[in-house]
Structure formats: C-alpha cells, structure tokens
Amino acid sequence: MKHFLYLLPFLFFFISCEKDESIPITQKNIVSIKYMNNVYGYQSTLSYNEKNQLNSYVTDFDNEDDGFTELSDYIYLENGQLNSYNRSRNSRYINNNSTIEYIYKENRVDIVTTDIENSTSYINTVILDNNILTESWSYLEDNSTISSKDVYTWDNGNPINIKSYTKINDEFVLGSEIEINYDNGINPYSFLKNSFSVRLSGESFNSVNNAVKISEKFYDSVYGNNSTQTYTISYAYDEDNYPTHYTYVMTQESDNPNTTPIIGGKKEFTYQ
C-alpha cells in the first residue's frame, strides 16, 4: 500500500521543452479534471493566459482523513519557458507556501523549490538530450550530492522504460523499474508542452500517447521487499481522439503480506 500512495499524482513540475512532431493539430485545453479512487479524490480547475499558456492550476482534494486545496500560479519568460510558479497548500495537516524556480543551463534544468516560511530550498535537476528528458536527479540536503536518479528510455515520443536508482554506500542501486505500453490516443496533457514529469500511475505530461499498461517492479535492495504493481487502463475518446475519461485497475504482488492486492480509480476530463 505504501508504494501505491507514493505513486499517487499530487504535484506537477512544468519546464519548457520541444514536443515530438506528432503533437495534434487540433489542440484542446483541459479546464477541469476530476479524479476518484477508493482512497481519495480531487477536482482540478485550469485556466490560461492570453498566449494560451497555463495560468493557474487549482486542486481541491478530499478524502475521509483530510481535505486540502493546492493553488499554483505560473510565470513565464519571454521565450515561453516557465520561469517560476508559487504553490500554496493548506489543510488541517499541511500549511505550506513555496516558490518553484527554473534555472536553465546547457542540456539541463535545475528546479529550485523554496519553502517561504522556513527559507529553506532544495534542488532537483533534469538532464536533457536534444530537449528530451534522459535523467532526473534528487539531492541530499547539501543540494550537491545526488541521492537518487531516474533514467528514461523513449520510443516514438513516449517514455517506455524508467529505471530508478538510490545511492547506497556511494553506489547507485536499482530500486524500481517501470515498463509502459501505449495506445494511439492523444495524451490530454500534451498541450502543456512544459513538462518532464512522468507520473508513476502511468500518465505522462511528456508522452504523445496514453498508457494502457504500466508494470512497475520494486526491489528488495531498496524497498525491503520485492513487489510488482500493474496498472491496466481503459479510455473513452471523443471525435478528436482526446480521452473524455478513463478507468484503471492496479493489482499488486508482493512479499509483504499487508499489501493491498487491488486498487481502482477513474478520471474525467473537460476541455475548452
């Protein structure tokens, strides 16, 4: 169960990139996303500026333990790259205001998250090859020593393999590995153009198409037990080949006897 909660899509990172040539000619912008599973639910509302860039992303979460609202407002550079956004999260248990800033360097982008109240910052880095994400790094508190990294393999504009490594005793140890299969439907997030975030429930802001099967293996060397999570996803599409909604089932096999074997959920999209 702990692995599944880690995978749930809460936060999004946006940075500028050039998309694959197969970006759809018919562009639709999402204005509402509604999600629900048997653990929690949320509804997001999106708005856009005069340049058709994402302007705000407001998410209201609700579950039987807690509910909170997350607000994000986006600021862009003149060349269209994302400069920063301010994120506010408020609930009974979470009260946090942060600024996320993007620092563009040759073949990499440093993402600096600053906690406004505590004046503390941490960095994540993405490594690019021809504007395609190849690696993402997380650091220790010193913001210079890499503690973990993800390595991506792509095919026809879609990430098909993601290997996640954790540094143990100065060596990177493979902790998990994801294999993803896709259909030919249009990724509803592809219009954002500003993302290298691959959400581990199978959705990807940066993929061209939609994942229909995702298998992730977790290894004992990092997680303390061996387990496999498999997502099977079914979509309904509109006349432009954009998904209107989908349902998924996630099954788990694990050495841990407390693992929840089956979890399911659904998501609905509304476009402008």
Compute the orientation-averaged projected area for region 207-271 from the convex hull of its Cα atoms and round it to one decimal in nm².
5.4
With a 1.4 Å probe and every protein chain kept in, tell me what percent of the accessible surface of region 140-198 is carbon plus sulfur.
43
If you roll a 1.4 Å probe over region 207-271 with all protein chains in place, what percent of the accessible area is carbon or sulfur?
47
Loop GluC sites (Glu not before Pro), region 84-189 (other Cβ atoms within 10 Å of the site Cβ: 16 or fewer; DSSP)
Glu106, Glu117, Glu141
Return one whole number: the accessible area per residue of region 56-147 in Å², for a 1.4 Å probe.
56
In region 78-119, the chymotrypsin sites (Phe, Trp or Tyr not before Pro) that fall in loop regions by DSSP, at most 15 other Cβ within 10 Å:
Tyr93
Calculated from backbone phi, Karplus (6.51, -1.76, 1.60) coupling profile of region 42-54 in Hz, x at Gly/Pro
7, 9, 10, 10, 10, 9, 9, 8, 5, 9, 6, 9, 4
Between their Cα atoms, which of Lys28/Lys267; Lys51/Lys213; Lys105/Lys217; Lys34/Lys163; Lys105/Lys213 are more than 26 Å away from each other?
Lys51/Lys213; Lys105/Lys217; Lys34/Lys163; Lys105/Lys213
Quick one: what Rg and Dmax do you get for region 70-133 from the alpha carbons, in Å?
13.5, 44
Using mean Cβ contacts within 10 Å as the protection proxy, how do 144-152, 75-83 order, highest first?
144-152, 75-83
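The values are calculated or read from the model by the stated rules, or taken from the named source; none is laboratory data. As the structure is a prediction and not an experimental result, all values here were calculated from the model. Reconstructed Cβ throughout: ideal geometry from the backbone, glycine too, with neighbour counts over all protein chains shown. The protein model used for the area step is the full one, side chains on, heavy atoms only, and it has no ligands, DNA or RNA in it. Shrake-Rupley method; radii C 1.70, N 1.55, O 1.52, S 1.80 Å.
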